[in-house]
1. For the range 10-41, which positions are surrounded by 15 or more Cβ atoms within 10 Å (Cβ to Cβ) and not small (G, A, S)?
2. Please work out if L61 is under 14 Å from the mean Cα position of the chain (by Cα) and among the aliphatic types (A, V, I, L, M).
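Throughout, read-outs are computed from the coordinates displayed, never taken from laboratory work. Please read all numbers here as calculations on a predicted model, not as lab measurements. We place every Cβ from the backbone using ideal geometry, glycine too, and count neighbours over all the protein chains shown.
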Amino acid sequence: MQNSVTSKRKVQATSQFSKRLLLLAAAGGAAFWITDFIIVVSPISAEYKAAFSISSLPVALVGALIGGLVIAFCISFFLCRVFDRIPGRNTIQKALILSFSAMAIIEIFSAFADPAHASTYLLLDTGMNVPRFLALGWTIGFVFDKQKRMVVI
């Protein structure tokens with residue numbers, strides 16, 4: 001039987017985990033979106049937008065915001081839950097490993113979406129996604145490090 005002190009500690013730990021997770025996801029999603037915005041307004045993205053039939057800049061940016069937040073939430077969740085099991089010497093390396101693993105999974109699924117042009121899309125999409133996922137992983141690792149230094153247990 002649990003007493004009220006143990007129950008309150010569990011609620012407090014869950015609350016701290018949720019706050020940490022949301023902050024990491026927001027920071028990672030923002031980094032993903034800012035990087036996407038820089039890529040979308042650059043001249044090199046014209047071929048990318050044509051290849052993926054992206055006709056509207058606002059639609060692309062809203063999609064990047066939602067996608068970035070979902071990906072950042074997943075990476076943040078796994079970083080918080082299985083931190084010790086992820087290979088790497090520091091937090092940023094661990095977050096980058098998770099980030100590029102997520103990118104690889106997404107690229108594999110996107111190659112199955114259009115098998116006729118899979119190699120072209122895979123090369124083009126990977127080249128455009130590397131900066132996004134690099135920014136996302138680095139930001140999540142950096143913010144996680146900053147949070148860890150502030151928490152005293």
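1. R20, L21, L23, L24, F32, W33, I34, T35, D36, F37, I39, V40, listed by residue number.
2. No, not satisfied.
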